[in-house]
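The values are calculated or read from the model by the stated rules, or taken from the named source; none is laboratory data. What you see is a predicted model, and the numbers here were worked out from it, not measured in a lab. Cβ coordinates were reconstructed from backbone atoms using ideal geometry, including for glycine residues, and neighbour counts include every protein chain displayed. With ligands, DNA and RNA removed, areas are computed over all heavy atoms of the protein, side chains included. Shrake-Rupley method; radii C 1.70, N 1.55, O 1.52, S 1.80 Å.
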Amino acid sequence: MSTQPASQGEPVEIRAGKGGPIKGRAWCFGDGISTDLLSPGQYAVDSLEVRKQHTLESVDPRFAAEVKPGDVVVAGRDFGCGSSRETAPEGLKALGVACVVADSFARLFLRNAVAIGLPVLPCPGASSAFSPGDGIEVDLATGEVRNVGLGVVLRSEPLPESMRKILSAGGMLAVLASGRLGRLGAEDDGSRAGAS
Amino acid sequence: MGMTLAEKILARASGKDRVAAGEFVVAEVDLAMTHDIFAAQVFDHLVNAGVTQVFDREHTVVVMDHLVPPSTEAAAEQHKRIREHVARFGIDNFYDAGSGICHQLLPERGHVWPGMLVVGTDSHTTTHGALGAAGTGIGTSEMAYVLATGTLWFRVPETIRFDLEGSLGEQVAWKDVILWIAGRFGSDVAQYRSIEFAGPAASQVSVSSRLTISNMAVEIGAKFGMFAPDEVTAEYLAGLESSGVVEGWQQRFAEKRVEADSDASYLALHEVPLEQIGPQVALPSAVERVVPVGDAVGTVIQQAFIGSCTNGRLEDLAAAAAVLEGRQVDPGVRLIVAPASRWVFQEALRQGIIEILADAGASVLPSGCGPCFGGHGGLLAAGERCIGTHNRNFVGRMGSAKAEIFLASPQTVAASAVAGHIADPRELLPRSVRSGAPRRRAREDKSVYTASQPG
Ligand code: SF4
């Protein structure tokens, strides 16, 4: 398993929480995008530089070459299903993807994405609200997802503040390295987080 | 609306009165375990981040179980690094090579209690649901975070319930029941869900067999796989106290005991009719490719394996010995036994079980994972077949990607080792009952399954 400290990677600009929404273009994918599609097994031993070039290549061969930092991946149900690989969110993050918004996520992908600092937002209905290239704004703090062109706003349950802090720090190892330990527990979240 | 076991445990651990499925919480972890495959990396992360202490030394457990004893220089170096980390962080609950498999040691050495939230850098951490704990696997970055902060985020899972009804037949094991469930409901049925194993027959299941079932809950996707703590659990904990492993079990049990509310909400309820379940076999190379043993009988094997965190316990070795007593392993078969812990090995020695196994022709490995994950101690060549009591039969799991792995109960594996091909343990009468009938000859390989499919 390659768990590179987030501090070594190219820091992706993350405007979580008070920093305002993420703004970019939407790349649209369907249901059941697996970790095999995100991070094909045959490149498992290659470097992140090589691996990221194969992200989603069998679904959209242009993706790795044309995705721009700040773009947002919009997908259907069960995004990131399949075997647990930290390399799956790592590839997206390394390509500069600012956020993945999906109708739903597979458990391990969601865990790994937060662990390595790739913003994710489960937002039921997102996949049918966007076409490729649409302008998209994602506010991780409020859970609002906006189709800029259509003026449509989807509201989803934001991730709890504790998880957003991990994301904005760049992942769990970055949180540890920052020395801000033990501050993500009950006192931050209190009974507010996710209680709604 | 009431709460399920998973909801109760996550509510308590996150300091809330109630939580509901779908909610995210930050919870305090009660017990964290890492083993020799990942421990060095986890502690490296901590050192790199400047962390000098773990959140709770009493509830951090490090186990050397996969690479024991080291069979390569690299493995030995890795163990050495882990020992250095263990000394640096002052981890008292350190089980060095030969102590046993993590998922055996946690319940055997009194680390797991009902109601606990347990995380491990191992997918089979669901095992600890057997004692009514919410146990689940996490990644190495996450474990570093847990060891540093004692907290982790969780999404509260929906729960599905399997109600065990009726009673088990002769030579049928609870392993057969979890295999049957995997075959019947598929490997996705519990994806991201918690399972409660309940129903009138749950009280018939020993803790040893509960560990087997909860262990394999992850093979059908589960995040947790739990039995509500009951009299069986209480008796087990009392036993740990009388053998000097724990103290004050009654009080701790009363404090931590959890039950699902009667009006808890379940995503699905499934009945498991035990009378209809005979010995089962999972065919290569997916755990859900399960057939009644009769459909696989006659498949020639070269190796039989009894061990792992699924079925390497005393009860399992005893069940295998009952089949093997007075019999000989077929000359074409290597029978490998790996007791799940040193204590299991010692008990099996005292009870004469090891002698029976050795007399039958078994090789006994040190207590650890052995060949379960293809590390060492019983790998397979191309074209070979193994039937084992472990939990995964994926392509390449035990050596060659061209080998085939079948999963079954200890009884079925023992009967197959004697026959030289997959055999129904119900057809092997206890030795004392058998007349001097000649041994059945290995039938021709029927190849009832197609060659293994990758992935
Ligand atoms: S016995 Fe097998 S499944 Fe269990 S922890 Fe060891 S390698 Fe993993």
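Quick look at the values:
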read-out	value
Which listed residue, of B:G2, B:G15, is of a type outside the set (K, R), over 16 Å from B:G120 (Cβ atoms) and facing chain A (nearest Cβ under 8 Å)	B:G15
Single unsatisfied condition, B:S206 versus (1) more than 22 Å from B:S341 (Cβ to Cβ); (2) open to solvent by 10 Å² or more (accessible area, probe 1.4 Å)	(1)
Scope region B:103-151; condition part of a loop (DSSP other than H, G, I, E, B) and either in contact with a Pro (Cβ under 6 Å, 6 or more places away or on another chain) or within 14 Å of chain A (Cβ to nearest Cβ) (or both); matching residues	B:P114, B:T121, B:D122, B:G132, B:I138, B:G139, B:G150
The one condition in (1) within 20 Å of A:V114 (Cα to Cα); (2) open to solvent by less than 30 Å² (accessible area, probe 1.4 Å); (3) out of contact with any Asp or Glu (no Cβ under 7 Å at 6 or more places or on another chain); (4) within 12 Å of chain A (Cβ to nearest Cβ) that B:V26 fails to fulfil	(3)
Test: residue in region B:311-322 that is at pLDDT 95 or above, within 11 Å of the ligand (Cβ to nearest atom) and among the hydrophobic types (A, V, I, L, M, F, W, C)	no
Leading residue by the ranking (nearest to B:I37 (Cα to Cα)) among those in region B:91-112 that are touching an Asp or Glu at 6+ places or on another chain (Cβ under 8 Å) and more than 15 Å from the ligand (Cβ to nearest atom)	B:N93
B:D96 of a type in the set (D, E, K, R), within 14 Å of chain A (Cβ to nearest Cβ) and surrounded by fewer than 24 Cβ atoms within 10 Å (Cβ to Cβ)	no
Qualifying residue in region B:70-90 (condition: on the phi < 0 side of the Ramachandran plot, away from the ligand (no atom under 13 Å from the Cβ), in a strand (DSSP E or B) and touching a strand residue (DSSP E or B) at 6+ places or on another chain (Cβ under 6 Å))	no
Region B:367-388: number of residues that are more than 24 Å from B:E325 (Cβ to Cβ) and either open to solvent by 40 Å² or more (accessible area, probe 1.4 Å) or of a type in the set (S, T, Y) (or both)	5
Residues of region A:58-78 satisfying the condition of being within 24 Å of A:I22 (Cβ to Cβ), open to solvent by 40 Å² or more (accessible area, probe 1.4 Å) and over 14 Å from the mean Cα position of the chain (by Cα)	A:V59, A:R62, A:A65, A:E66, A:K68, A:R77
Test for B:A20: is it away from the ligand (no atom under 16 Å from the Cβ), open to solvent by 30 Å² or more (accessible area, probe 1.4 Å), touching a residue at least 60 places away in the same chain (Cβ under 8 Å) and not in a strand (DSSP E or B)	yes
Members of region B:384-426 that are in a loop (DSSP other than H, G, I, E, B), in contact (Cβ under 8 Å) with a residue 60 or more places away in the chain and either under 14 Å from B:V333 (Cα atoms) or away from the ligand (no atom under 14 Å from the Cβ) (or both)	B:E384, B:V395, B:A408, B:S409, B:G420, B:I422, B:A423, B:D424
Index of the failed condition, B:A190 passing every other in (1) modelled with pLDDT of 95 or more; (2) buried (at least 24 other Cβ atoms within 10 Å of the Cβ)	(1)
Entirely in region B:287-357, the strands (runs of 3 or more DSSP E) that have 3 or more residues that are in contact (Cβ under 8 Å) with a residue 12 or more places away in the chain and open to solvent by less than 30 Å² (accessible area, probe 1.4 Å)	B:303-307, B:334-338
